[in-house]
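**Q** Before I ask anything, let me first share the structure, which is written out below as structure tokens.
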Amino acid sequence: MMWEGTCKMKHIRFKTIVVPLSLAFAGMVMAGLPVLQSVNGYATKSWPSTHGTVSEASVETYPVESSVGTLVEKSAVISYEYSVQDLRYKSSFLSYRHLPSALILHEFHKGDAVTVFFNPSNPAQSVLVPGTDPLYTKALFFIGAILVVIGLVALFFQSTS
């Protein structure tokens, strides 16, 4: 009987530590990824450019379950080809910015000539739209920071009780 009580106490103590720590960790990831994305996005502003061609421009649809039923999400699929020092590259990475699919499909069509910005240290890494989206980055960082604070405050109050 004594063993069961001890196990329950350890289980409760474990849950009260794991949940706040998980929340804090999720917040750190949520706050850290946009910062990394922002750093990478700012770096693209200084990358050299070359000429390229859009090789694919299409819409990919897939079902998404929601509380009102199955919805159809649409995602733009853009691929482009370019050359750097006589080596050919192909990419589908557009930008470190958050770009709506409608805007992407309006701007890029199969066969279009495009300016490709590439990493001089790794020409296979490229974007069509350089820069970053500061509002998106700040919003995710702020939400992540709030989760970290909530997790740490919850951990503090769990450890004092």
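**Q** Kindly evaluate G111 against the criterion of being among the small types (G, A, S), under 20 Å from L33 (Cα atoms) and assigned to a loop (DSSP other than H, G, I, E, B).
**A** no
**Q** Now for a separate question. Looking at the structure I just gave you, is V39 touching a residue at least 40 places away in the same chain (Cβ under 8 Å) and under 30 Å from N119 (Cα atoms)?
**A** Spelling it out, it is not the case that V39 is touching a residue at least 40 places away in the same chain (Cβ under 8 Å) and under 30 Å from N119 (Cα atoms).
**Q** Related question: Residue check: is S101 surrounded by fewer than 16 Cβ atoms within 10 Å (Cβ to Cβ) and at pLDDT 80 or above?
**A** no
**Q** Go through region 85-95 and count every residue that is closer than 10 Å to A124 by Cα and surrounded by fewer than 17 Cβ atoms within 10 Å (Cβ to Cβ).
**A** 3
**Q** A follow-up question, please. If you check F93, F156, which single one turns out to be over 20 Å from V54 (Cα atoms) and free of Cβ contacts under 8 Å to residues at least 60 places away in the same chain?
**A** F156
**Q** Let me ask something else. Would you check if V59 is assigned by TED's automatic domain parsing to the domain that holds F117, within 22 Å of S126 (Cα to Cα) and modelled with pLDDT under 85?
**A** It is true that V59 is assigned by TED's automatic domain parsing to the domain that holds F117, within 22 Å of S126 (Cα to Cα) and modelled with pLDDT under 85.
**Q** All but one of (1) surrounded by 12 or more Cβ atoms within 10 Å (Cβ to Cβ); (2) in contact with a Phe, Trp or Tyr (Cβ under 6 Å, 6 or more places away or on another chain) hold for E73, so report the exception by its number.
**A** Only one criterion in (1) surrounded by 12 or more Cβ atoms within 10 Å (Cβ to Cβ); (2) in contact with a Phe, Trp or Tyr (Cβ under 6 Å, 6 or more places away or on another chain) is unmet by E73, namely (1).
The values are calculated or read from the model by the stated rules, or taken from the named source; none is laboratory data. Just so you know, these numbers come straight off a predicted model, no measurement behind them. Neighbour counts are summed over all protein chains in view; Cβ atoms, including those assigned to glycine, are modelled from backbone coordinates with ideal geometry.
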